[in-house]
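> Shown below is the structure under consideration.
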Amino acid sequence: MSSFVKIVFMNIVSSPSQPALVLLRDDFRITDNPALHAAINSGKPLICLYVHDAATTTQGVVKWWLSKARATFAATLQKMGGDLAEISGPATQIIPELAEKLHIDSVFWNRRYDLSGREQDTHLKSTLQDAGCTVHSLPGRLLHEPWVLRTGSDQPYKVFTPWWRALQKLGAPGRSLPAPEKVTFFPWPDDLKNLIFKESEISLPEGACDAEKEWLCSEETAHELLETFLETGLTHYSTDRDRPDKDGTSSLSPYLRAGLLSARQVWHATEAVMRQKPHLADQGWTFLSELGWRDFAWTQYFYYPDMATKNLRSEFDHMPWRDDETLFNAWKMGRTGYPLVDAGMRQLYATGWMHNRVRMVTASFLTKHLLTDWRKGEKWFRERLADADPAQNAMNWQWCAGTGVDASPWFRIFNPVGQSEKFDPSGEYIRQWVPELRALPDKLIHTPWQAGGDLLRHTAVTAGKRYPAPIVDLKTARAHALELYKNLPQN
Ligand SMILES: Cc1cc2nc3c(=O)[nH]c(=O)nc-3n(C[C@H](O)[C@H](O)[C@H](O)COP(=O)(O)OP(=O)(O)OC[C@H]3O[C@@H](n4cnc5c(N)ncnc54)[C@H](O)[C@@H]3O)c2cc1C
């Protein structure tokens, strides 16, 4: 963009052949994309643009996932006769410059709700408006805007259940928008071809070797997954959703993260199934309430923008977290000696995803048994998850650590052995991710240290790797965590 001279803003006079600019961010879909839809309805030829802006970039597996989502979206646009232009640089500078160069008088985007995104968009909006552009900022990411639901005393909700009841009362989100039938694109001018940024292929972080085969990235795949889940998975959702050994959940989180699918598409498809099969209404509502947690996380993030770095319950500012890199690394690499924890951490490392129940168990283990600051765990998840989402990740970490506004109390400490016996009873999930333990009988798979010399030695040798002994004693660690909490100054 350096080739651009300093801009002198002129009021732009509108004409139907002037291009409309659609900014894509985390919304790589053709269907139910309000910004794209509104831009098409303006009757102007479109320029679809993605800006690689260092100020809002991601890292880790999600960076790879978003680049794939962008590429599939670009391929779809190409099939429709257009393209996704990509430019690198500060969005607040580049976009007004481009608007001026191309005489763009309307800009469309779907809203962002994180603080830096909001600040950037506010700045951009006023610059564009000053230059005579009309800016259309539309709701496309959530079921409802985060500021819509307030308590009776006009405060943001802090607790999920009353918030969820209020959301149910509010009713279904707006209808989903169909795929566009015909789109006219504005050809990217030859004299600006030098601005097009060709991103080199984003490689996966070390160890994420199964992510490529785990996740097929496309809008169609997202819809197929949703359909299959609603046809076959919804029936047992409320029980199977806690079972990492089963395909009990939708696996839609990475698709929602990249906006390959919208939350309201999920909502309406689920409601349609509930109408056709009323006996599935309870399962449907359970599923929708999980989707509700996503909106709730974004509502919290809207009101507490530093939620990923700051305890929402300030008494935890006094928690004497332990800074033990050996323990932290053992957790990260799935070498804690607790099979369910290790299975989850290895699944995360290899695939970029982990089952929700196991996310809760591993987070509880890190914060309460290992007394490690939840922010270290949050950061690790953010680097390794394909669905890494700033609001959902931060809210859930604060929930698990007991530091959030609506959180699991600190004294609720998951026992990784009990959780393993309950939710992976035959050890199928553990065997998949901890091959050293594959040959252990079901009874011992949750507590391999009880296997005794010969059996444990045999299984370890079979896999060519020795499985570690437990890195902490659960009983002692639990008692210590409770003691520390008791001594925190209570607010
Ligand atoms: C410590 C921790 C960190 C997490 N980090 C993330 C994250 O970065 N990104 C992310 O998408 N989810 C996160 N979650 C929530 C949850 O684990 C995943 O959304 C879920 O496992 C995704 O699988 P699914 O799509 O099959 O879920 P399903 O059970 O099929 O649920 C459907 C959708 O509802 C939403 N959802 C479900 N559970 C939750 C929840 N507890 N909180 C918020 N939304 C939820 C997701 O968008 C999910 O795709 C985290 C949970 C924990 C405990």
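Computed from the coordinates by the stated procedures, all read-outs in this text should not be read as laboratory data. This is a predicted model, so every value here is computed, not measured. Don't worry about glycine lacking a Cβ; one is built from the backbone with ideal geometry, like all the others, and counts go over all protein chains shown.
> Averaged across orientations, what area in nm² does the convex hull of the alpha carbons in the stretch 314-486 project?
9.6
> So, in Å, what gap is there between the alpha-carbon centers of the stretch 219-284 and the stretch 91-114?
35
> Take the eigenvalues of the Cα gyration tensor for the stretch 10-140, scale each by 5, and report the square roots as semi-axes in whole Å, largest first.
22, 18, 13
> Under a Cβ-Cβ cut-off of 14 Å, what is the net charge of the residues other than Cys209 that fall near it, where Lys and Arg count +1 and Asp and Glu count -1?
Charge balance in the 14 Å sphere: -1.
> What angle, in degrees between 0 and 90 and rounded to the nearest 10, separates the Cα long axis of helix 374-384 from the longest principal axis of the Cα atoms of the chain?
Around 60 degrees separate the two axes.
> Sort the following peptides by mean Cβ neighbour count (other Cβ atoms within 10 Å, averaged over residues), highest first: 355-366, 312-323, 123-134.
Output ranking for 355-366, 312-323, 123-134: 355-366, 123-134, 312-323.
> May I pose another question? Fewest Cβ neighbours within 10 Å first, please rank Glu214, Glu383, Glu206, Glu220 accordingly.
The fewest-first ordering by Cβ neighbours comes to Glu206, Glu220, Glu214, Glu383.
> Please list, ordered by chain and number, the residues whose modelled amide H lies under 5 Å from the amide H of Asp83; skip anything fewer than 5 residues away on the same chain.
Cys48
> With everything on Cα atoms, drop me the angle between helix 115-130 and the longest principal axis of the chain, reported from 0 to 90° to the nearest 10.
Helix 115-130 and the main axis of the chain meet at about 0 degrees.
> For the stretch 141-201, max minus min Cα coordinate along each principal axis, in Å, sorted largest first?
Largest first, the stretch 141-201 extends 57, 29, 24 Å along its Cα principal axes.
> Also: Give me the angle, in degrees from 0 to 90, between the Cα long axis of helix 61-79 and the longest principal axis of the Cα atoms of the chain, rounded to the nearest 10.
With rounding to tens, the tilt is 40 degrees.
> Sticking with this structure for a sec: How much mean residue ellipticity at 222 nm does the chain get from its helices, if each DSSP H run of length 4 or more adds -39500 (n - 2.57) and you divide by all residues, to the nearest 500 deg cm²/dmol?
-13500 deg cm²/dmol
> Lysines near Lys125 by alpha-carbon distance under 18 Å, same-chain residues fewer than 8 away left out - which ones?
Straight-distance partners of Lys125: Lys101.
> May I pose another question? Return an integer: the convex hull volume of the alpha-carbon atoms of the chain, in Å³ per residue.
That works out to 164 Å³ per residue.
> Give me the net charge of Val273's neighbourhood, meaning all other residues with Cβ under 12 Å from the Cβ of Val273; Lys, Arg count +1, Asp, Glu -1.
Net charge in that neighbourhood comes out at -1.
> Can you tell me the dipole magnitude for the stretch 314-486 around its Cα centre, using point charges on the Cβ only (Lys, Arg +1; Asp, Glu -1), in Debye to the nearest 20?
About 360 debye.
> Moving on. Going through the stretch 74-123, which GluC sites (Glu not before Pro) have at most 10 other Cβ atoms within 10 Å and a DSSP loop state?
Sites meeting the loop and neighbour criteria: none at all.
> Taking K and R as +1 and D and E as -1, what net charge do the other residues with C-beta under 14 Å from the C-beta of Leu291 add up to?
Neighbourhood net charge equals 0.
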